[in-house]
Amino acid sequence: MENVRFLLTGDTSLTVEFGNEISEAINHDIRAYKIALEKAGVPGIVELVPTYRSLMVHYDPAVLPYQELRERLEKLLDDMGEIEIPPSPVLEIPVLYGGEMGPDLPFVAEHAGLSEEEVVQIHSSAEYLIYMLGFTPGFTYLGGMSEKIATPRLKQPRVKIPAGSVGIAGTQTGVYPIDSPGGWQLIGRTPVKMYDPDRETPILPEAGQYIKFYPVTQEEYDAIRKEVEAGTYVLKTHARKEV
């Protein structure tokens, strides 16, 4: 942990940086440190926000001054080896690929030199680690996509992308949780609401979990969408097999 840096990021926040790249090893350290910090019960901490390479700590300086907070955060690094990270669930997300739902699938296939069916097979075969959430509520930044289907962003971003759209940008893939602008290549759409302000837990995914996409037909998509709208849909999950 000699490379860990503590960065002042505001008058009520501090960032603990674990590296300078996107990697599962760094993500493992961030998750372990977050668990250690939660177990420590440090007073004055308001919120913890994990990112690709760091953990932002929002705190109340009236309860815990900066210097004291930093000292406590530094001491927690010694406890990292004792932290056990619980197995992460894999969220099974249905996707209707191509057509109106995935208008950029033909381009992704052409760019990769593959058929559309091969792109779908590759995209839906991996379990993607949710490194972080951001951009909009519940937007998932996922790691682990095959470079075989890596595709550049759109040269001209779209003004409005429908909620549930599944996109590719470079070697990343993710789901747009709400209608929003965006420049990712759209290859499909899920009827599952990744963000619902009226739900008890508004944001469905969590950083550190995994997502597994699976293809569905138009009929299956419509049926799931009706269940989602009625509030009766139960998201399927399975335990991840550690490798």
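Mean projected area of the convex hull spanned by the Cα atoms of the stretch 1-89, taken over all viewing directions: 5.7 nm².
Potential lengthening of the chain between Asp78 and Asp222 amounts to 46.7 nm, from the contour at 0.36 nm per residue minus the alpha-carbon distance.
Over the chain, Cα pairs under 8 Å with separation of 6+ residues give a relative contact order of 20 percent.
Gyration tensor over the Cα atoms of the chain: the corresponding equivalent ellipsoid has semi-axes (square roots of 5 times the eigenvalues, largest first) of 35, 19, 17 Å. Dimensions of the stretch 140-200 from C-alpha coordinates, computed as largest minus smallest value along each principal axis and given longest first, are 38, 26, 15 Å. On a 25 Å Cα-Cα criterion, which of the cross-link pairs Lys75/Lys241; Lys148/Lys193; Lys148/Lys212 come out too long? Checking Cα-Cα distances, Lys75/Lys241; Lys148/Lys193 exceed 25 Å. If you count the DSSP beta bridges with both ends in the chain, what percent of them are antiparallel, to the nearest 5? In the chain, DSSP labels about 85 percent of beta bridges as antiparallel. Inter-part distance, the stretch 162-240 to the stretch 67-146, computed on C-alpha centroids, equals 12 Å.
Note on Ser88, Ser165: ascending count of other Cβ atoms within 10 Å places them as Ser88, Ser165, the fewest first. For the chain, the longest principal axis of the Cα atoms and the long axis of helix 218-230 meet at an angle of about 50 degrees.
Using the Cβ-Cβ distance between Glu206 and His58 with R0 = 25 Å, the FRET efficiency computed as 1/(1 + (r/R0)^6) comes to roughly 0.90. Rounded to the nearest 0.05, the FRET efficiency derived from the C-beta distance between Thr232 and Ser180 at R0 = 30 Å is 0.65.
For Thr9, the residues 5 or more places off, or on other chains, whose built amide H falls under 5 Å of its own are Leu14, Thr15.
In the chain, a dipole from Cβ-located charges (positive for Lys and Arg, negative for Asp and Glu) runs towards its positive end, and of His58, Tyr33, Val166 it is Val166 whose Cα lies farthest in that direction. Ordering Pro86, Pro106, Val42 by the projection of their Cα atoms onto the charge dipole of the chain, which places +1 on the Cβ of Lys and Arg and -1 on the Cβ of Asp and Glu, puts Pro106 at the extreme positive end.
Since every read-out is calculated from the coordinates, none of them should be taken as a lab result. Model, not experiment: these values are computed from the prediction. Every residue, glycine among them, receives a Cβ derived from its backbone with ideal geometry; neighbour counts consider all protein chains shown.
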